[in-house]
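In what follows, a single structure is set out as structure tokens and then discussed.
What follows draws every value from the coordinates through simple rules; no lab data is involved. Predicted model only: the values in this text are computed from it and were never measured. With ideal geometry, Cβ positions are generated from the backbone for all residues, glycine too; neighbour counts draw on all protein chains shown.
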């Protein structure tokens with residue numbers, strides 16, 4: 001498998017608890033290409049439960065979307081640059097401008113979850129990404145992110 | 001100081017990593033009345049950093065809003081019931097239907113943050129809450145939540 005998007009960030013931007021390779025305590029979420037879309041897979045430890053023990057807490061779901069969304073924005077931006085000028089500039093870090101999450105149903109804990117990302121728009125330094133979180137192929141949450149290139 | 005909203009949840013709904021009294025590994029966020037609004041104060045450990053070490057990661061900010069928002073919805077709903085029928089039914093747990101976060105500027109890590117919550121609307125089992133996160137009295141992020149009574 002090719003290198004994860006997050007592992008291509010510059011070292012000084014790799015301290016994120018959700019996905020940074022330099023944050024030893026963190027989740028280390030890894031995002032990859034999946035055709036023209038992006039994908040991340042993650043199994044959440046039982047301690048990250050919501051109000052009831054069998055479901056993921058909302059903040060953890062937002063975390064997955066946040067880290068997968070900014071990584072996807074970075075990858076989409078880089079791909080467009082490659083297509084336009086025939087060269088990569090490496091993965092430039094994006095930060096979150098806004099993140100809107102819809103919780104469709106409880107997300108089960110302890111099984112592998114999948115987060116899909118698709119490109120919605122690019123305007124200057126701003127990239128919009130749409131995401132869906134699945135458990136056993138069932139949609140549990142969706143998100144819309146506006147990410148901004150640093 | 002009076003008991004936190006989250007500590008009044010029924011035991012079976014108190015396992016949340018963000019705010020549950022029965023989750024020993026979690027953040028145990030506590031929310032209280034602040035006049036007609038609600039307030040939570042929290043100092044984030046340095047490991048929960050974003051891409052750079054001095055700022056909070058986005059998922060953690062969403063977590064604070066998620067737990068303070070549902071607790072506030074529960075408290076607002078209970079207050080309205082008290083005003084209407086003169087009695088409390090205790091704090092009924094709410095879950096998040098949607099949470100939209102706007103990140104206005106980087107949130108510094110290692111200092112006490114304040115989250116304010118205000119009631120926007122109540123329609124049946126649905127409560128809308130507006131929130132703002134402050135560091136040193138400066139707005140760092142805002143959020144709009146739709147919470148739903150279980």
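Only one of the numbered conditions (1) within 9 Å of chain A (Cβ to nearest Cβ); (2) buried (at least 17 other Cβ atoms within 10 Å of the Cβ); (3) not in a loop (DSSP other than H, G, I, E, B) is not met by residue B:12, and that is (2). Provide a single number: the residues in region B:77-98 that are farther than 19 Å from residue A:51 by Cα and touching a residue at least 12 places away in the same chain (Cβ under 8 Å). So the count comes out to 1. Considering region B:111-127, the residues that are within 21 Å of residue B:48 (Cα to Cα) and loosely packed, with under 15 Cβ neighbours inside 10 Å include one that is farthest from the chain's Cα centre (by Cα), namely B:111. Taking region B:112-122 as the range and being farther than 12 Å from residue B:77 by Cβ and in contact with a helix residue (DSSP H, G or I) (Cβ under 9 Å, 6 or more places away or on another chain) as the test, the residues that pass are B:113, B:115, B:116, B:117, B:118. Filtered by the rule that a residue be out of contact with any helix residue (DSSP H, G or I) (no Cβ under 8 Å at 6 or more places or on another chain) and either closer than 15 Å to residue B:112 by Cβ or away from every other protein chain (no Cβ under 11 Å) (or both), region B:62-76 gives B:68, B:73, B:76. Residues in region B:20-61 that are at the interface with another protein chain (Cβ under 9 Å from one of its Cβ atoms), touching a residue at least 60 places away in the same chain (Cβ under 8 Å) and in contact with a helix residue (DSSP H, G or I) (Cβ under 7 Å, 6 or more places away or on another chain): B:48 alone.
When B:125, B:79, B:102 are screened for being over 20 Å from residue A:19 (Cβ atoms), out of contact with any helix residue (DSSP H, G or I) (no Cβ under 7 Å at 6 or more places or on another chain) and at the interface with another protein chain (Cβ under 8 Å from one of its Cβ atoms), only B:102 passes. In this structure, does residue B:107 turn out to be in contact with a strand residue (DSSP E or B) (Cβ under 7 Å, 6 or more places away or on another chain), more than 10 Å from every other protein chain (Cβ to nearest Cβ) and within 15 Å of residue A:17 (Cα to Cα)? In short, yes.
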